[in-house]
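Some notes on the structure that comes next.
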């Protein structure tokens, strides 16, 4: 059969066979899902072993999948650190996780994590997800990617920081900030899931 | 030894013409090495899907990529090989870069270095709207590809790298 001869029944059959196995986004945690692997210890930039459960705050927990090499991470970096630092003061525990295999990108090695945490002024742990176990458990696929949990460890927001990576002055929707504001004031969340382009997580093989 | 004529042209003219020819050849070679692909055209998701629907000659592979994305760069030769092999059967390759606007010349240079001489595109829409309109199951990670059948229905999607063999197999069944 040539490309010219595709017909609808064949296409429908192929789609039915193939598409179910390709629903990557559906593997991500759903809103309301319980935070996985809260007790898994990961190496922080200060050398200490830290789990998400240990950083959890009174209001909830913000988990950020990030890395050091990605242009989208860099474009959002200043805004990310500013909001995450503010979140720690607002009562959220915050943890940044690098799940990339550093053999794929040298810049994602531990020493680079240490430099980045210091240079950007992170007031929260920046840990290594060796084996990408946490990323897989969360269904994270890209960097940066944000997961916000409430005080009961239920997911209340998943997605992007805001709607414009390349131009902070042109942001029209501050998704994560809006989610936190709604959560803290007990208001319904306008957008509990959003998406952004990002660098695919370089999972450990 | 003085200047002598060689046939109808003086020797100095022949030397000058030869030098000029060499210069032109060199300039041409340099231009080939640094040639850019056509300027990337800004598109939103509706326009991408309209381009797919408007192509009646055969299947369309839409590929979202960026210059900063290593796996995107690595799979590009396979995409271009697919285009070379199957374009006579009506196959269309629709490349959409997710580079920032300020990087679009760099994207054109990269494509040009691989010999791309057809129109390619630059995402010009907010991520959330663009991603969900292209495919609600796409998380946003790059590369991302969708193979559309001639009738516009989706044959398969790839989040992550595809291989030449996977697409070639679907196109030659």
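Readers should treat all values here as calculations from the given coordinates under stated rules, not as data from a laboratory. Keep in mind it's a predicted model, so treat the numbers as computed, not measured. Positions of Cβ are generated from backbone atoms using ideal geometry, with glycine treated the same way; all protein chains shown enter the neighbour counts.
Counting only Cα atoms, the range A:125-171 measures 35, 26, 21 Å along its principal axes, largest extent leading. Multiplying the residue separation of residue A:130 and residue A:153 by 0.36 nm and removing their Cα-Cα distance gives an extension gain of 6.0 nm. Compared with the alpha-carbon gap, the fully stretched path from residue A:37 to residue A:184 is longer by 50.4 nm at 0.36 nm per residue. For the range B:63-157, the alpha carbon positions stretch 34, 32, 21 Å along the principal axes, listed from largest to smallest.
How high is the FRET efficiency from residue A:174 to residue B:84, r the C-beta distance, R0 41 Å, rounded to 0.05? With a Förster radius of 41 Å, E is 0.35.
Separation of the range B:55-121 from the range A:41-113 is 34 Å, based on Cα centroids. Helical runs assigned H by DSSP (4 residues or longer) give chain A a calculated mean residue ellipticity at 222 nm of -9000 deg cm²/dmol, each run adding -39500 (n - 2.57) before division by the residue total. Dimensions of the range A:29-200 from C-alpha coordinates, computed as largest minus smallest value along each principal axis and given longest first, are 43, 36, 27 Å.
Averaged over the residues of peptide B:147-159, the number of Cβ atoms from other protein chains lying within 10 Å of each residue's Cβ is 5. With both residues required to sit in the range B:41-172, DSSP beta bridges show an antiparallel share near 50%. Straightening the chain between residue A:89 and residue A:167 buys 25.5 nm, computed as 0.36 nm per residue apart minus the Cα-Cα spacing.
Applying 1/(1 + (r/R0)^6) with r as the Cβ-Cβ distance of residue A:205 and residue A:48 and R0 = 25 angstrom yields a FRET efficiency of 0.35. Extending 7 Å from the Cα toward the beta-carbon at both residue B:172 and residue B:73 defines two label points whose distance is 3.0 nm.
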